[in-house]
Amino acid sequence: MCVCVFRECVRFCFTQILQHELDTVRQEWNDHPIRRQNGDEINGRPEILYQHPDLYGAIDANSSSSLPYMFNFMDPVVQCGNERP
C-alpha cells in the first residue's frame, strides 16, 4: 500500500513537468533536419516528411487511398506463403 501511495504522489507532483519535457523532446526531434547521407534520397524535417509524404515522392500509408497499394504490396507475400512444395 505504501508503494502505491508514494507512486501516486510522485505522479501527481511530477506529471506536468514530465509531460513538458516529453513535449519538448518530441518537438525538437520533429523539427531537426535530417541530412542526406550515403546517397539517401530522403532528407528534411521528420514532421514535414510525415505530414506531406507526397512532397518527397512517397505514399501516405495512413490514408485510405493507399490501401490498394498496400494490398498490392502484400499479395505476393500471401501467395508465396500458400505455395505447396
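The values are calculated or read from the model by the stated rules, or taken from the named source; none is laboratory data. The structure presented is a predicted model; accordingly, all values stated were derived computationally and were not measured. For neighbour counting, all protein chains shown are included, and Cβ atoms are generated from backbone atoms with ideal geometry for every residue, glycine included.
Within the stretch 24-35, residues that are outside any loop (DSSP other than H, G, I, E, B) reach partners that are surrounded by fewer than 10 Cβ atoms within 10 Å (Cβ to Cβ) with beta carbons closer than 9 Å, at six or more positions or on different chains, in the pairs ILE34/ASP40. Counting only residues that are surrounded by 10 or more Cβ atoms within 10 Å (Cβ to Cβ) and among the charged types (D, E, K, R), which one in the stretch 27-53 is modelled with the lowest pLDDT? If we take residues in the stretch 27-53 being surrounded by 10 or more Cβ atoms within 10 Å (Cβ to Cβ) and among the charged types (D, E, K, R), then ARG36 is modelled with the lowest pLDDT. For first residues located in the stretch 43-59 and more than 13 Å from HIS32 (Cβ to Cβ), partners that are at pLDDT below 80 and part of a helix (DSSP H, G or I) and lie 6+ apart or on another chain with Cβ distances below 6 Å form the pairs ILE59/SER66; ILE59/TYR69.
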